Structure formats: structure tokens, C-alpha cells
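The values are calculated or read from the model by the stated rules, or taken from the named source; none is laboratory data. Model, not experiment: these values are computed from the prediction. Methodologically, a virtual Cβ is constructed for each residue, glycine included, from the backbone with ideal geometry; neighbour enumeration extends over all protein chains shown.
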Amino acid sequence: MPDYAAHFALLDDGGELVTATRRQAHELARAYTARQVAAGRTVWDTPLIVPWASWADRAWRALARDARTATVLLDSLGAA
């Protein structure tokens with residue numbers, strides 16, 4: 001198993017991990033859960049681990065919500 005100690009330290013401090021893919025986000029979440037169970041914990045805060053596409057979408061929506069003008073987000077089909 002890869003050494004995710006630095007990643008988990010970031011999460012334990014309330015940080016957020018952004019991964020390249022959904023699969024990587026799932027693997028890190030699974031490993032974090034295994035670490036918590038191995039430590040004997042029965043409850044813990046859900047770690048913020050998201051794929052880049054989800055993070056970018058959330059960030060764009062937050063910016064659009066605060067913008068003074070109407071904004072439109074094009075997906076790959078709308079941009080073509």
C-alpha cells in the first residue's frame with residue numbers, strides 16, 4: 001500500500017485533497033477509512049477528497065454565485 005501519511009496529515013488538519021481522477025479520490029478515501037478503522041475509531045469526519053473535475057465545477061459555481069453578471073459554464077458538448 002502506498003504511503004499516504006502526508007496526505008492523511010493534511011486531511012486530519014481539515015485540508016482538502018484534489019485528485020486527477022474519481023478513481024484516485026475513491027482509493028484515497030478507502031485508504032483513509034482503513035486507517036481510521038485500524039486505529040480503532042468508530043466515527044470520524046468525512047475527509048474532503050474530490051476529483052479535479054468536481055473541485056473545478058464547485059469552484060466555478062461559487063464564483064458564478066458571487067459574480068455581478070450572468071455567467072454560463074459550457075461542458076465539452078456546449079463548447080464544441
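Can you run down the residue pairs with Cβ atoms below 9 Å, 6 or more apart or on separate chains, where the first is in segment 27-53 and free of Cβ contacts under 8 Å to residues at least 40 places away in the same chain and surrounded by 15 or more Cβ atoms within 10 Å (Cβ to Cβ) and the partner is of a type in the set (Val, Ile, Thr) and not in a strand (DSSP E or B)?
Once the first residue is free of Cβ contacts under 8 Å to residues at least 40 places away in the same chain and surrounded by 15 or more Cβ atoms within 10 Å (Cβ to Cβ) and sits in segment 27-53, its partners that are of a type in the set (Val, Ile, Thr) and not in a strand (DSSP E or B) give 29/46; 36/42; 36/43; 47/33; 51/21.
Which condition from (1) surrounded by 10 or more Cβ atoms within 10 Å (Cβ to Cβ); (2) at pLDDT 90 or above; (3) polar (S, T, N, Q) is the one that residue 71 breaks?
Among (1) surrounded by 10 or more Cβ atoms within 10 Å (Cβ to Cβ); (2) at pLDDT 90 or above; (3) polar (S, T, N, Q), residue 71 violates only (2).
Within segment 15-54, track down each residue that is part of a loop (DSSP other than H, G, I, E, B) and under 19 Å from residue 3 (Cα atoms).
The answer is 15, 20, 21, 39, 47.
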